[in-house]
Amino acid sequence: MTQTNKKKLILDGYNVIYKIPALTAKLKDSLAASRDTLAQYLLDWKRFHPNYDISVIFDGRDSISLNYSHTNLKGIDCYFTKSNVEADDRIISIIKNINNKNDIIVISDDNKIRNHCRSYKVAMEHPSFFIKKDLTKSKQINNDKNVIDPKDVSEINKWYEEELKKRTEA
């Protein structure tokens, strides 16, 4: 698949961290540890879904945002908003201005973002999306037929079966 045909996942970074218990538990170590663990989850997921570009948007309220607005954590693009801009508003701006809304999935449990996704007909998933790891159940708000490319379905099923096998062997 060429770069222009890639699909895009946009994550509401801290919303995802606070909704996935394993990431929330990492907060006892540090916020950076939670971000790193999230990046590792995403990197693992991306190995089985190479046709997705992933961007994580974080609120820029912590000291890390003073040094830079973009970083690459373990191969995942992470963006920090300016301190007076919330990640929600940045994500809404992205979905409002993106040309091909069919190729985007937003990951968040935020009502404000959810309402804008509905308004702009952009697919949205709960942060548990990466726990169940099954794109076939994605809520395709932007497509009444809920059609998923058969190649994607095959990749998803293969990854899912491998994950189940690992968990049963453990």
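The values are calculated or read from the model by the stated rules, or taken from the named source; none is laboratory data. Only a predicted model underlies this, so the values are computations on that prediction, with no experimental measurement involved. Glycine also receives a Cβ, built like all others from the backbone with ideal geometry; neighbour counts cover every protein chain displayed. Accessible surface is based on the protein model in full, side chains and every heavy atom, while ligands, DNA and RNA are left aside. Shrake-Rupley method; radii C 1.70, N 1.55, O 1.52, S 1.80 Å.
7 Å from Cα along Cα→Cβ at both residue 115 and residue 100: what's the point-to-point distance in nm?
It works out to 3.1 nm between the two label points.
Quick one: pull the percent of accessible area on segment 1-40 belonging to carbon and sulfur, 1.4 Å probe, ligands and nucleic acids left out.
Answer for segment 1-40 is 55 percent, counting heavy atoms of protein chains only.
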